[in-house]
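Notes follow the structure.
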Amino acid sequence: MSTSKSLSRLGWSPFFQQQISLEEWERFTMGRVFGRHRSMIEIVTGQGSGSLPFTPGMPDLTVGDWVVLDSEGRFRRALERLSLFSRKAPGTKVESQRIAANVDRLFVVSSLNDDFNLNRIERYLALSADAGVESVVVLTKADVCDDPDAHVRQVQSLDPLLSVEVVNGRDAASVKSLRPWCGTGKTLALLGSSGVGKSTLVNTLLGKRVQSTASIREDDGKGRHTTTTRSLHFMPTGGLILDTPGMRELQLFDCEQGVKETFADISKLAESCRFSDCGHHNEPGCAVQAAIEEGGLEERRLVSYLKLMREQALNSASLAEKRARDRELGRFYRSMQKASQQWKKGRK
């Protein structure tokens, strides 16, 4: 253990305090997961920092989790999460992947170049809404955009109350506008595609280089992966910031409420549809289609909404089926083990 940091500086709050008994508070140590690797996790406590190896029976911890350690620094238990970001694992894997836990605010990072995409921003906002976390859309690379205000108007058309900031991630003066969200003990996470400037923004906010950066591909404006792991960092403002690897694929699951909140305008219109199960296509009396015809709703937005609703429903069903199969397989293994033990006893 080396550096001394108070628990409040680590993001400790009454939500976590109420999960600790007086005996635990007096006997044990509270720590937060600052980094995760294949065989170990990095832990920071009020007394300093250290590492903890994964052991059988430990839960699937992620960056941002709070854990209870005994006097020898061994894992005792994990605390309930205030918030959790997760997605369907990339590719064909039918499983979920945890991204970060106990985040207070999310910076949805998008760049002001050819990679700017409202559909992608809506996807991240749905994830944040489902986790119950406040979102701020941060538009980077203002120095290469002729009309940033036009992009701001597009983003705010999604939700007039949505906070949007335009920055040049390489300019410390430019990113000062983000400081109000970076107060002491507040945990911020950055999510966005590869190449949007998350690592550059992290370095500037921290005032030092902690993440590698790389230029985007000139042919399509898309980025290269530079950050390969998730990790928490202390900010000069007193907050903590979590950088994440760029995501070429963010598949949603079990996120219906988040999608509905992100598309609150469509959800409100749907209440006036003639049929409660209206699919918003060609059904008679569809208030959503009527709003599109009257110019009150973009067709692009409806297409995005329907796509995300279908995606999260399909992925949720696939994951539920896998969990059911895993439970059934577990019961089978346990029954076989019990039968084997009984057979051995019968032979004695």
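The values are calculated or read from the model by the stated rules, or taken from the named source; none is laboratory data. This is a predicted model, so every value here is computed, not measured. All Cβ positions, even for glycine, are placed from backbone atoms using ideal geometry, and neighbour counts span all protein chains on display.
For this structure, a couple of remarks:
Table: residues versus (1) exposed (fewer than 12 other Cβ atoms within 10 Å of the Cβ); (2) more than 23 Å from the chain's Cα centre (by Cα); (3) within 23 Å of G239 (Cα to Cα); (4) acidic (D, E).
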| residue | (1), (2), (3), (4) |
| --- | --- |
| S8 | no, no, yes, no |
| E23 | yes, yes, no, yes |
| V33 | no, no, yes, no |
| G50 | no, yes, yes, no |
| P53 | yes, yes, no, no |
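- Some residue of the range 309-332 being touching a helix residue (DSSP H, G or I) at 6+ places or on another chain (Cβ under 8 Å), exposed (fewer than 11 other Cβ atoms within 10 Å of the Cβ) and at pLDDT 80 or above: no
- Selection of the range 125-169 for residues being more than 21 Å from T204 (Cβ to Cβ), touching a Gly at 6+ places or on another chain (Cβ under 7 Å) and not aliphatic (A, V, I, L, M) yields only D130.
- Among (1) in contact (Cβ under 8 Å) with a residue 12 or more places away in the chain; (2) in contact with a His (Cβ under 9 Å, 6 or more places away or on another chain) - the single one L52 does not satisfy: (2)
- Residue match in the range 12-19 (condition: outside the structural domain of L190 (by TED's automatic domain parsing), in contact (Cβ under 8 Å) with a residue 24 or more places away in the chain, within 18 Å of F234 (Cα to Cα) and part of a loop (DSSP other than H, G, I, E, B)): yes
- When L232, L205 are checked against the criterion of being in contact with a helix residue (DSSP H, G or I) (Cβ under 8 Å, 6 or more places away or on another chain) and modelled with pLDDT of 70 or more, a single residue qualifies: L205.
- Checking V164, V136, V155 one by one, the residue that is outside any loop (DSSP other than H, G, I, E, B) and in contact with a Lys or Arg (Cβ under 8 Å, 6 or more places away or on another chain) is V136 and no other.
A quick yes/no check of all residues on (1) over 18 Å from the mean Cα position of the chain (by Cα); (2) under 22 Å from S157 (Cβ atoms); (3) not hydrophobic (A, V, I, L, M, F, W, C):
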residue	(1), (2), (3)
F75	yes, no, no
R120	no, yes, yes
L127	no, yes, no
D143	yes, no, yes
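- Residues of the range 55-80 satisfying the condition of being polar (S, T, N, Q) and either surrounded by fewer than 18 Cβ atoms within 10 Å (Cβ to Cβ) or over 15 Å from A101 (Cβ atoms) (or both): T55, S71
- Exclusive hit being of a type in the set (D, E) and in contact (Cβ under 8 Å) with a residue 40 or more places away in the chain, set E122, E72: E122
- Checking G35 against (1) touching an Asp or Glu at 6+ places or on another chain (Cβ under 9 Å); (2) farther than 18 Å from I241 by Cα; (3) not β-branched (V, I, T), the condition it does not meet: (2)
- Pairs with Cβ under 8 Å, 6+ apart, first in the range 125-151 and in the same structural domain as R105 (by TED's automatic domain parsing) and on the phi > 0 side of the Ramachandran plot, second at pLDDT below 95 and part of a strand (DSSP E or B): K141/S111
- When residues of the range 266-277 are limited to those that are surrounded by fewer than 18 Cβ atoms within 10 Å (Cβ to Cβ) and not small (G, A, S), the one nearest to D159 (Cα to Cα): K268
- Filtered residue count, the range 108-143, keeping only those that are hydrophobic (A, V, I, L, M, F, W, C) and under 18 Å from P180 (Cβ atoms): 7
- Counting only strands (runs of 3 or more DSSP E) wholly contained in the range 29-115, the ones carrying 1 or more residues that are modelled with pLDDT under 90, over 20 Å from F16 (Cβ atoms) and among the charged types (D, E, K, R) occupy 84-88.
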